[in-house]
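Where a number appears in this text, it was derived from the coordinates with a stated rule and is not lab data. Computed from a predicted structure; not experimentally measured. Note: ideal-geometry Cβ built from the backbone for every residue, glycine included; neighbour counts use all protein chains shown.
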Amino acid sequence: MSFDPEAVRAFEHAGWQKAAPRYEGTFAAATGEFVEALLDAADVGPGTAVLDLCCGTGLVAAAAASRGAAAAGLDFSPAMLAIARATHPGLHFAEGDAEAVPLPNASFDAVVSSFGIHHVPRPERALAEALRVLRPGGRLAFATWASPVKNIAWHLLFDAIRLHGDPNAAKTPPSGGGLGSAAAVLNLLSEAGFASAAAETVRREWRLAQPGGLVAALRQGTVRTAALIDAQRPAALLAIEAEIARRAAAYRRDGWYFLPIAAILGRGAKPR
């Protein structure tokens, strides 16, 4: 299947519209583990004018505001934005595309994005827009998921699907991301024109009450992975869940399952 950015955008938009009502109660438990590291990487503090790009339900913008920053959010999903506005009524959230940000040049001291850039059809365009809206010396930081080899949660799922299901069952458009390594993130930052570009792997744990919560969270709170899970035959899905439960036992302690997860955290600055 050839790469079609409009097909990717339509697929992602429909998926996030569907996921919005359940996102905070499911997958946000995983992405939320990296919020403080993301804000630290962009040096967000009191008085920082910061844009949360691909803001979803506004979790990062709210965390930035709690640090005393002047935070705003941008997302292309009206369903996500409705939740953000209802949950954080004191913050400003705008609807728009990360590849064509509807905001003026040099508007922000910092731009952050929590696991949004790899969902954009053309990440290089999103970074070009981030560079444009930053003031000279302004800082960008974004998080993207590391490869499944470093993410036990995804490793468990994908291994179980290879054993009991069909890894090619979902007929989804090719991703525009490919940002699962520090080298890929660093290359993207450098090509976009950011100075002092850096990328590092950040490791956390995703706490789940039951191993079945992994499949439920990925099915209800993501898009591309949800499509893969939904495409499995019912009998295969039962076997997949049983395989995950068996292997997840190794990560159980104190009555919880703590699954190692890893993100690539990229950062850079707009040249002065």
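Explain nothing, just the number: relative contact order of the chain, from Cα pairs under 8 Å at least 6 residues apart, as a whole percent. Each step should come with its number before you reach the end.
Values: 574 pairs, mean separation 65.1, N = 272.
RCO, the chain: 24 percent.
Provide the FRET efficiency to the nearest 0.05 for the Ala183-Arg233 pair, computing r from the beta carbons and using R0 = 30 Å.
Numbers: r = 37 Å, r/R0 = 1.23.
The formula returns an efficiency of 0.20 here.
Roughly how far apart, in whole Å, are the Cα centres of the stretch 56-75 and the stretch 95-122?
13
Using label points projected 7 Å from each Cα along Cα→Cβ, tell me how many nm separate Ala7 and Arg253, to one decimal.
4.5
Using only the Cα atoms of the stretch 1-67, build the gyration tensor, take square roots of its eigenvalues as a ≥ b ≥ c, and label the shape rounded, prolate or oblate: rounded if a/c is under 1.5, else prolate if a/b is larger than b/c, else oblate. Can you show the working numbers first?
Working: a/c = 2.58, a/b = 1.76, b/c = 1.46.
Prolate shape, in that a/c is at least 1.5 and a/b is the bigger ratio.
Using every alpha carbon pair in the stretch 112-267, what percent of pairs falls into each 5 Å bin from 0 up to the bin containing the largest distance?
It works out to 2, 9, 16, 19, 16, 14, 11, 7, 4, 2, 0, 0, in whole percents.
Going by the alpha-carbon gyration tensor, a ≥ b ≥ c the square roots of its eigenvalues, is the stretch 148-213 rounded (a/c under 1.5) or, if a/c is not under 1.5, prolate (a/b greater than b/c) versus oblate?
Oblate shape, in that a/c is at least 1.5 and b/c is the bigger or equal ratio.
Mind checking which helices in the chain clear 24 Å along their axis (Cα) and have mean Kyte-Doolittle hydropathy of -0.5 or more, DSSP H runs only?
Working: long enough: 5-23 (26 Å, -0.86).
Qualifying helices: none.
Springs between alpha-carbon pairs under 10 angstrom, Gaussian network model over the chain: which of Ser77, Ser114, Ser175 fluctuates most?
Top of the fluctuation ranking is Ser175.
Using only helices, what value at 222 nm comes out for the chain when you add -39,500 (n - 2.57) per DSSP H run of length 4 or more and divide by the total residues, to the nearest 500 deg cm²/dmol?
On the way: 11 runs with 115 residues, N = 272.
The helix-only estimate for the chain comes to -12500 deg cm²/dmol at 222 nm.
How high is the relative contact order of the stretch 205-272, given as a whole-number percent (alpha carbon pairs under 8 Å, six or more residues apart)? Provide the component values of the computation, followed by the final result.
Numbers: 48 pairs, mean separation 31.9, N = 68.
Reported as a whole number, the value is 47 percent.
Say a paramagnetic label sat at a point 7 Å from the Cα of Lys18, along Cα to Cβ; which residues of the stretch 184-226 have their backbone N under 19 Å from it?
Hits in the stretch 184-226 for Lys18 at 19 Å: 214-226.
Could you tally the net charge around Arg233, taking each other residue with its Cβ under 14 Å from the Cβ of Arg233, Lys/Arg +1 and Asp/Glu -1?
Combined, the nearby Lys, Arg, Asp and Glu give -3.
So for each of 126-136, 161-171, 261-271, 24-34 I average, over its residues, the number of other beta carbons within 10 Å; can you give me the resulting order with the highest mean first?
261-271, 126-136, 24-34, 161-171
Which lysines, on any chain, are close to Lys270 with Cα under 19 Å apart, when same-chain ones fewer than 8 places away are left out?
none
Kindly rank 12-23, 54-65 from highest to lowest mean number of other beta carbons found within 10 Å of each residue. It would help to have the intermediate numbers written out before the result.
Values: 12-23: 18.3, 54-65: 25.0.
Averaged packing, sorted descending, gives the order 54-65, 12-23.
Plugging the Kirkwood radius over Cα pairs into Stokes-Einstein for the chain, at a temperature of 25 °C and a viscosity of 0.890 mPa s, what D comes out in µm²/s?
In µm²/s, the coefficient rounds to 130.
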